[in-house]
Amino acid sequence: MQKNYYAIIDVGSNTMRLVIYAQEKAGRLREVQNVKAVARLRNHLDQDAKLTETGQRILLDTLHSFSDVMQTYELTNFVCVATATIRQAANQNEIKQLVQEHLQWNMRILSEHEEAFYGYLAVVNSTSIKEGITIDIGGGSTEVTYFKDRQLIHAHSFPFGALTLRSFIDEEGSMPYKIKHLRKYLFEQFKSLPWLKQKNVPLIGIGGSARNLVQIDQNQKAYPLAGLHQYNMQDDDIVGISNYLAALPSYKLQKVEGLSKDRADIILPAIEAFYCLYQTIEATSFVLSRKGLRDGVFYELLSPNQQDPLFPNVLEDSIQELITDYDLNLKQILHVQYLTRKLFQCLKESGLASVNSNDWMLIKRGCYVFNLGEYIDSESSAQHTFYLLANRTIDGLMHMDRLRLALIASFKNKTVFKQFIKPYKEWFLKQERKKLRLLGSLLKFTYCLDATKRQVVSDFSFEVKGDTIYLKLYCQKNWMPEAYQSEKQKKHLEKTLKKNIELEFVDHSVIRKY
């Protein structure tokens, strides 16, 4: 299938960035190029708020270099947007004209509301968070939004960013004094908006400073999962990193794992902004969104309904992407999902398994992606399944939920399950580990009932007598392969339920319809 390529250039106050996306089979956009230039245009505004000739030259030289990269791709669409520094420049019309003359591009200067809106849009279209507050701290401005039921309620742009806040760190005095002075200023700014107070919702960080904060935290904790998107932190994590960085001389800051060298001098003000806003809203957690302004622009641009560019279900779209990418059999998935649901309910109603609606949602997702690692190699499919699901960003799933999904969808046996969960054992209570093993063994068993992907077992009856579960399986085709696989693999479910399972395969003419 021919790929469509889309490009966006984001002219920020601190950095300029070119991102090229490919739109593949599933329809979602995937980054194929991400080119960054530390232009610091904010430093080239003169006392009259005009971008100087030096600043204009840096802008044009960087855009020309981006243009050279873009020549490699046959682009379906291209957008160039500019944010705070160009927006605040007194000669912004002259700058737009220069870009038009030199590159024949119409550079779109985003308003404060547009910049905040695109950040919000990126968050609600790439996470399952229904209510939250976003913060995107750039070089020259800080955008904050509040959304509820995925709808934007409030948006505001503060006229300070990481570059402007650096003046607090550069002033005379001890570092504790500087931090205290900076926090006082930030608390005053955030408390000037009544809608920010005591919200008790997640605080979602967007942009390079938020990414660097998370990268430092993951490095310090030797975090075993890959990926930054939807990573969770608490306020003590944030203030701990702030204290750690504040104690370092500048030459050591440059060497901190996870911190970009070009952000070493501005990371502290940004982290303090996250911390102060966290305290102001009394946040439940700090969540990173790797999707930001650039993604928001394309979510709107490519939406079938630009008046309402919200994806109806972020997680379902991500699951569909996995189904497409790994060529999974949807007919089999839906059939196994039916068998799994019925057996799940039977175990629940008979009191053999203490499970709830959240467990069903987890195993339902597992039905979609069970054993997807077979796409890579059938012999080691469990290992590939676990690695892919545990380490691939799945929009709409937090890291812990992604790990739970990986553990049940890769279930092979107790030994392999223990091997996979070992690095994360302390993340789960013993009871939850047992439940994940139960859900994994249940899923493995129901997939054995459709071992040949022919939907042979159309239905079943369930009965418990003493220490034995009796399953009568109604079949509409030759069931020998299904019988062999389910007899072979039922032992895993028997061990978790502490019951024997007796299987009886019988001929049956009823064909289920979906």
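The values are calculated or read from the model by the stated rules, or taken from the named source; none is laboratory data. What you are looking at is a predicted structure, and each value in this text was computed from that prediction instead of being measured. Because the Cβ atoms are built from the backbone with ideal geometry, glycine has one as well, and the counts that use them run over all protein chains shown.
Remarks
Quick grid of which residues meet (1) among the polar types (S, T, N, Q); (2) touching a helix residue (DSSP H, G or I) at 6+ places or on another chain (Cβ under 9 Å); (3) surrounded by fewer than 21 Cβ atoms within 10 Å (Cβ to Cβ); (4) in contact (Cβ under 8 Å) with a residue 12 or more places away in the chain:
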{"site": "67", "(1), (2), (3), (4)": "yes, yes, yes, yes"}
{"site": "86", "(1), (2), (3), (4)": "no, yes, no, yes"}
{"site": "94", "(1), (2), (3), (4)": "no, yes, yes, no"}
{"site": "106", "(1), (2), (3), (4)": "yes, yes, yes, yes"}
{"site": "142", "(1), (2), (3), (4)": "yes, yes, no, yes"}
{"site": "164", "(1), (2), (3), (4)": "yes, yes, yes, yes"}
{"site": "169", "(1), (2), (3), (4)": "no, yes, yes, yes"}
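- Here residue 29 meets the list (1) at pLDDT 95 or above; (2) under 30 Å from residue 315 (Cα atoms) almost entirely, failing just condition (1).
- Screening the candidates 149, 217 for the property of being free of Cβ contacts under 8 Å to residues at least 40 places away in the same chain and either in contact with a helix residue (DSSP H, G or I) (Cβ under 9 Å, 6 or more places away or on another chain) or exposed (fewer than 12 other Cβ atoms within 10 Å of the Cβ) (or both) yields one hit, 149.
- For segment 154-163, the count of residues that are over 28 Å from the mean Cα position of the chain (by Cα), modelled with pLDDT of 95 or more and aliphatic (A, V, I, L, M) is zero.
- Filtered residues of segment 247-279 (kept if without any contact (Cβ under 8 Å) to a residue 40 or more places away in the chain and out of contact with any helix residue (DSSP H, G or I) (no Cβ under 8 Å at 6 or more places or on another chain)): 248, 249, 250, 251, 252, 255, 261
- If you go through segment 147-189 and pick out every residue that is in a helix (DSSP H, G or I) and either of a type in the set (Asp, Glu) or closer than 20 Å to residue 288 by Cα (or both), you end up with 3.
- Residue satisfying all of: in segment 214-233; in contact with a strand residue (DSSP E or B) (Cβ under 7 Å, 6 or more places away or on another chain) and not aromatic (Phe, Trp, Tyr); farthest from residue 152 (Cα to Cα) among these: 217
- Taken over segment 240-251, the criterion of being under 25 Å from the mean Cα position of the chain (by Cα) and closer than 26 Å to residue 13 by Cβ is satisfied by 241, 242.
- Inspection of segment 221-242 identifies no residue that is outside any helix (DSSP H, G or I), in the same structural domain as residue 125 (by TED's automatic domain parsing), of a type in the set (Val, Ile, Thr) and farther than 19 Å from residue 292 by Cα.
- For first residues located in segment 409-427 and in contact (Cβ under 8 Å) with a residue 24 or more places away in the chain, partners that are of a type in the set (A, V, I, L, M, F, W, C) and not in a helix (DSSP H, G or I) and lie 6+ apart or on another chain with Cβ distances below 8 Å form the pairs 409/370.
- Any hit, segment 259-267, residues being touching a Phe, Trp or Tyr at 6+ places or on another chain (Cβ under 8 Å) and either at pLDDT below 95 or not hydroxyl-bearing (Ser, Thr, Tyr) (or both): no
- Residue list for segment 252-311, restricted to those being β-branched (Val, Ile, Thr), closer than 24 Å to residue 11 by Cβ and part of a loop (DSSP other than H, G, I, E, B): 266
- All positions within segment 8-18 that are surrounded by 21 or more Cβ atoms within 10 Å (Cβ to Cβ) and assigned to a strand (DSSP E or B): 9, 10, 11, 16, 18
- Any hit, segment 41-64, residues being surrounded by 19 or more Cβ atoms within 10 Å (Cβ to Cβ), without any contact (Cβ under 8 Å) to a residue 40 or more places away in the chain and β-branched (Val, Ile, Thr): yes
- Test set (1) under 26 Å from residue 10 (Cβ atoms); (2) assigned to a loop (DSSP other than H, G, I, E, B) - residue 204 fails condition number: (2)
- Number of positions in segment 351-386 that are surrounded by 12 or more Cβ atoms within 10 Å (Cβ to Cβ), of a type outside the set (Lys, Arg) and under 23 Å from the mean Cα position of the chain (by Cα): 17
- Among residues of segment 83-142, those that are of a type in the set (A, V, I, L, M) and in a strand (DSSP E or B), counted: 4
- Pairs, first in the same structural domain as residue 501 (by TED's automatic domain parsing) and polar (S, T, N, Q) in segment 326-355, second at pLDDT 95 or above and part of a helix (DSSP H, G or I), C-beta under 7 Å, six or more apart: 337/364; 337/367; 340/363; 340/367; 340/442; 340/443; 340/446
- Residue selected from segment 485-506 under the condition exposed (fewer than 13 other Cβ atoms within 10 Å of the Cβ) and within 17 Å of residue 458 (Cα to Cα), by the criterion farthest from the chain's Cα centre (by Cα): 506
- Residue list for segment 373-412, filter: of a type in the set (Asp, Glu) and not in a loop (DSSP other than H, G, I, E, B): 374, 401
- The sole residue among 407, 397, 403, 389 that is buried (at least 21 other Cβ atoms within 10 Å of the Cβ), in contact with a Lys or Arg (Cβ under 7 Å, 6 or more places away or on another chain) and of a type in the set (A, V, I, L, M) is 389.
- Filtered residue count, segment 171-203, keeping only those that are surrounded by 12 or more Cβ atoms within 10 Å (Cβ to Cβ) and within 24 Å of residue 85 (Cβ to Cβ): 6
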